[in-house]
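Structure first, commentary second.
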Amino acid sequence: MPRPDSSDILQVEMVCQRMVVRAMRDYEAKAKDIFRNEVDDAKEVAEDVTREAMDALGVSRIDYRLYGKVDYKRAAFVFLPESEQGVALMVDSKAEKDAGTITIQMSQTSLEVRHLRGGKPTSAAGKLEKRIDINGKSLLTVTIFVKYVYAPAADKGLDLEEIVVACVPNGLLQERYNPSARVENFWRAGRNAPSLGEEFRVRVNLKALARVDAWRVTRWRVR
C-alpha cells in the first residue's frame, strides 16, 4: 500500500472527522440522557458515551489491535474516491466545563509540540507514532478529541450543553501546522507544574485550530 502524501493525509483526516461528528450527532439524545442519569464521574461517563456512539455508527475493521491512552482505538479503512487508506483511528474523550480548550497528554498526539511557554520556546515530542506499519499495511494515525461541555443539573446528574469534535493534525504535517515555536499556532500551556515533577501537558485552543482549518473543529449546542 503506497504511503500517503500530505493531500491524502488531509483527506483522510477530514473523512475521519466527519465520521466522528456523524456518530456523535446520531447519539446526541442518548448522550444527554446518559449524562443526566449517570452517577459516575463526568470523565468516565464521557468515555462510555464516545465508545458507545462509535460502536453504534459502525466502523470498518482491520484485524490489528492498537495500543495507546485513548478511549476508542480502531484499525480501519478509510475509502477515498480513488484509493483506500488504513488508519489507526484514535478518539479520546474530554468532559470539562470550559469550552475553549482541550487538554491533552503527549501520549495522545504524534505532533511535536512547539510553542512559547513563559515567553521561551518550548518543544516536546508527541509519543504517538505518525503511522503504524503492520503486515504490509501502513496505518495512518488519526487523532480526534470529543469534548463534552457540561454543567451541574438543577436536580440530579449533569446537563450536557455542548459537544465539540476536534481533529489534531498528524505529525507528518508538522511543517504545515506547527513549524516553529515562534509561529502563531493552536497550542497553549497545559495545566501542569514542572516544579512538582508533573508530566508535560498541553492545551489545544479550539478557536485557533479552527482559524487554521475550519473543518478541524465542529461544535454544536445539545438540544
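Please count how many residues of the stretch 12-60 are within 30 Å of Y177 (Cβ to Cβ), at pLDDT below 95 and surrounded by fewer than 16 Cβ atoms within 10 Å (Cβ to Cβ).
Qualifying residue count for the region: 2.
Checking R114 against (1) touching a Lys or Arg at 6+ places or on another chain (Cβ under 8 Å); (2) open to solvent by 20 Å² or more (accessible area, probe 1.4 Å); (3) part of a strand (DSSP E or B): exactly one of these is not met. Which one?
Just one mismatch for R114, condition (1).
Under 8 Å by Cβ, and 6 or more places apart or on different chains, what pairs join a residue from the stretch 147-164 that is farther than 13 Å from D41 by Cα and free of Cβ contacts under 8 Å to residues at least 12 places away in the same chain with one that is part of a strand (DSSP E or B) and open to solvent by less than 30 Å² (accessible area, probe 1.4 Å)?
none
Residues of the stretch 91-102 being assigned to a strand (DSSP E or B) and either farther than 16 Å from R18 by Cβ or among the charged types (D, E, K, R) (or both), which ones?
D92, S93, K94, A95, E96, T101, I102
Hey, could you check the stretch 135-161 for residues that are in a strand (DSSP E or B) and open to solvent by 20 Å² or more (accessible area, probe 1.4 Å) and say which is modelled with the lowest pLDDT?
My answer is K137.
Yes or no: the stretch 52-68 includes at least one residue that is in contact (Cβ under 8 Å) with a residue 40 or more places away in the chain and within 24 Å of L173 (Cα to Cα).
yes
Could you check I132 against (1) free of Cβ contacts under 8 Å to residues at least 60 places away in the same chain; (2) not in a loop (DSSP other than H, G, I, E, B) and say which number it fails?
(1)
The values are calculated or read from the model by the stated rules, or taken from the named source; none is laboratory data. Remember, predicted model here, so these are calculated numbers, not experimental data. For neighbour counting, all protein chains shown are included, and Cβ atoms are generated from backbone atoms with ideal geometry for every residue, glycine included. These area figures cover heavy atoms from the full protein model, side chains too; ligands, DNA and RNA do not enter into them. Shrake-Rupley method; radii C 1.70, N 1.55, O 1.52, S 1.80 Å.
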